[in-house]
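Okay, so here's the structure we're looking at.
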Amino acid sequence: MPLTRRHFLASGLAAPAILTFGLNAARAATILKLSHQFPGGTIDEGDFRDRMCRKFAQAIAERSKGALEVQVYPGSSLMKTNAQFAAMRKGALDMSLYPSPYAGGEIPEMNIGLMPALVSSYEQAIAWKKAPVGRKLTELLDQKGIILVSWVWQSGGVASRERPLYAPADAKGLKVRGGSREMDLMMKQAGAATLSIPSSESYAAMQTGACDAVITSSTSLISFRLEELAKALTSGRERSYWFMLEPIMMSKTVFSGLPKDQQDLIMTIGAELETFGQAGAKADDTKVEEIFAKAGAKVQNLDEATLGKWRDIARETAWKDYAGKNANCAELLKLAEQVS
């Protein structure tokens, strides 16, 4: 696909954050822009999601021999977080590493990617891709203009300003950021008030007192330095009711405009990097405990009985509400429950 006027114009945006991996600058290349909301680092240091994007860019440049380049824009430097999904669907953004439930306002089915207590282990999460639920979700997104390039799941925990949020009884009276509509339904039933913000805004919300507890991935708990404000951490290392699908996605409009060999290369490298992504997520589940403990926070892991209490609430609130949205949601939930 030749460089389009849109690519030339977009190349001037957010120049300070740009990360280009190309082997031959004098040679005309197709340039793809990959945006995400997480802090930037280097290919070897920092938030693993940013590192994964950089590794993707590097591999694309090397293996396409410079015919295809990926520019990575961290920290929502190219585009605001919540605008990225719609922009991909329209072909105005090429790629994003994007939390699936952030797209739930446009496509309700996407909230399956953060359904409380539906997924409780990495083994269960990773099995989705090849299971009927994964095939159904991939097909649905394709119809909506999105290609799933690389599947990444993350476990999450709870950082609290004061008292721990561990069991459902602890939620009463707290202002909680859950990360999805369905997570909020479960928290409200447990007695919490909820607020809907991207994880990148969590620090400010906790700092001002607008939020008492933030539920997010272990990686985001680290990257957004919430240990500086928290006195308690409920870790997602052993088990969790918070597992999020946070894949690298691509605009189908842009993807379809590429030659077949470049399409195949993108999908191949995306699949290869899934192992790196899952290893990074698991490593951060351990690292977050160390960071919060060092900062003086009380650290706890959920036991199976407490997870069961959360699941009971989720089943009667979030799961029921989601299944009632439409036939696709009902089918996705049913298929997801078959993955153990």
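The values are calculated or read from the model by the stated rules, or taken from the named source; none is laboratory data. Note that the structure is predicted; figures quoted are calculated from it, not measured. Please note: Cβ atoms are built from the backbone with ideal geometry, for glycine as well, and neighbour counts cover all protein chains shown. Just the protein is used for accessible areas: all its heavy atoms, side chains included, with ligands, DNA and RNA removed. Shrake-Rupley method; radii C 1.70, N 1.55, O 1.52, S 1.80 Å.
Looking at segment 49-94 only, could you name the residues that are in contact (Cβ under 8 Å) with a residue 40 or more places away in the chain, of a type in the set (Lys, Arg) and assigned to a helix (DSSP H, G or I)?
Scanning segment 49-94 gives 49, 51, 55, 63, 89, 90.
When segment 321-333 is examined, which residues are found to be exposed (fewer than 13 other Cβ atoms within 10 Å of the Cβ) and in a helix (DSSP H, G or I)?
Answer for segment 321-333, where residues must be exposed (fewer than 13 other Cβ atoms within 10 Å of the Cβ) and in a helix (DSSP H, G or I): just 327.
Among the listed residues 304, 238, 246, 228, identify the single one that is touching a Lys or Arg at 6+ places or on another chain (Cβ under 8 Å) and either open to solvent by 50 Å² or more (accessible area, probe 1.4 Å) or not acidic (Asp, Glu) (or both).
304
Residues are listed down the side, and each one gets a yes or a no for (1) buried (at least 17 other Cβ atoms within 10 Å of the Cβ); (2) out of contact with any helix residue (DSSP H, G or I) (no Cβ under 6 Å at 6 or more places or on another chain):
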residue: 65; (1), (2): no, yes
residue: 75; (1), (2): yes, yes
residue: 87; (1), (2): yes, yes
residue: 103; (1), (2): yes, no
residue: 112; (1), (2): yes, no
residue: 117; (1), (2): yes, no
residue: 141; (1), (2): yes, yes
residue: 148; (1), (2): yes, no
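Which residue out of 103, 127 is in contact (Cβ under 8 Å) with a residue 12 or more places away in the chain and within 15 Å of the chain's Cα centre (by Cα)?
It is 103.
Quick one: which of 296, 324, 308 is small (Gly, Ala, Ser) and in contact (Cβ under 8 Å) with a residue 12 or more places away in the chain?
It is 296.
Can you find a residue in segment 149-158 that is farther than 23 Å from residue 34 by Cβ and more than 17 Å from the chain's Cα centre (by Cα)?
no
Just one of 148, 97 is touching a His at 6+ places or on another chain (Cβ under 7 Å) and of a type outside the set (Lys, Arg); which is it?
The match here is 97.
Hey, could you check segment 211-225 for residues that are more than 17 Å from the chain's Cα centre (by Cα) and open to solvent by 10 Å² or more (accessible area, probe 1.4 Å) and say which is nearest to residue 304 (Cα to Cα)?
Here the residue is 212.
Quick one: what pairs do we get from segment 157-178, first residue closer than 14 Å to residue 206 by Cβ, second part of a loop (DSSP other than H, G, I, E, B) and of a type in the set (Asp, Glu), C-beta under 6 Å, 6+ apart or different chains?
161/212; 174/212; 175/212
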